[in-house]
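The structure appears right after this line, and notes come after that.
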Amino acid sequence: MAGDRVIYKGFKQGVTLEDLREEMRTFAEERDWNKFHIPRNLLLALVGEVGELSEIFQWRGEVSPGLPDFEEKDRVHLGEELSDVLLYLIRLSDRCHIDLPTAALRKMEKNRRKYPKDKVKGKSDKYTAYQNGGAKNDISAKTEQETKTVTPKAASCSTSNVSGYKTYLGQIFVVSIAVVLFGILKLAVGS
């Protein structure tokens, strides 16, 4: 069956994130859904879709790039779930007034500085492993210290700590989503 598959050659040319953003905006406006498309609701919908995407890979063990062991119906299903995640991400960025393509390019440039190819090629270490002679930078140390101090306070859930606790959980939540999305997209594109 694998021999019957079309060879993957990258994304179709001509479809832009702006095209998708406008499609999502029109779709929501035609249904009078803007009142429901507040950032929190969109984020929760995005998380739900990431969960559905994760189910496709659950219990499969290691999955090879290109997904050679996937049946065509699984590949179609994967494409649908990846699309749901992408569309909710685009809609969330639009409703938050974030220019997602520009933010993504800016983030890639930041990653190039954090992970210079001459230092990290073939390695999967976090950037702190090779910056400043392997010592963690001030930002990492500060983040670790904040985590240590926030966690015990958050556990008590006193009225004064609830706001900080929610912020802390929100940060963990967003980072978790980012890690899951990155891992799944990396598997799906085979890099």
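None of the figures in this text is laboratory data; all of them are computed from the coordinates on show. The model shown is predicted, which means the values in this text are computed figures rather than measured ones. Reconstructed Cβ throughout: ideal geometry from the backbone, glycine too, with neighbour counts over all protein chains shown.
Criterion applied to 72, 80, 55, 62 was being surrounded by 12 or more Cβ atoms within 10 Å (Cβ to Cβ), over 15 Å from residue 18 (Cα atoms) and out of contact with any helix residue (DSSP H, G or I) (no Cβ under 7 Å at 6 or more places or on another chain), and the one residue passing it is 80.
Name the pairs whose Cβ atoms lie under 8 Å apart, with the first residue in the stretch 68-83 and within 14 Å of residue 58 (Cβ to Cβ), the second assigned to a helix (DSSP H, G or I) and among the β-branched types (Val, Ile, Thr), and 6 or more positions between them or separate chains? Listed by first residue and then by second, the contacts come to 74/56; 77/56; 78/56; 81/56.
Within the stretch 12-24, residues that are touching a residue at least 40 places away in the same chain (Cβ under 8 Å) have Cβ atoms under 7 Å from residues that are in a helix (DSSP H, G or I) and surrounded by fewer than 16 Cβ atoms within 10 Å (Cβ to Cβ) in these pairs: 17/101, counting only partners at least 6 apart in sequence or on another chain.
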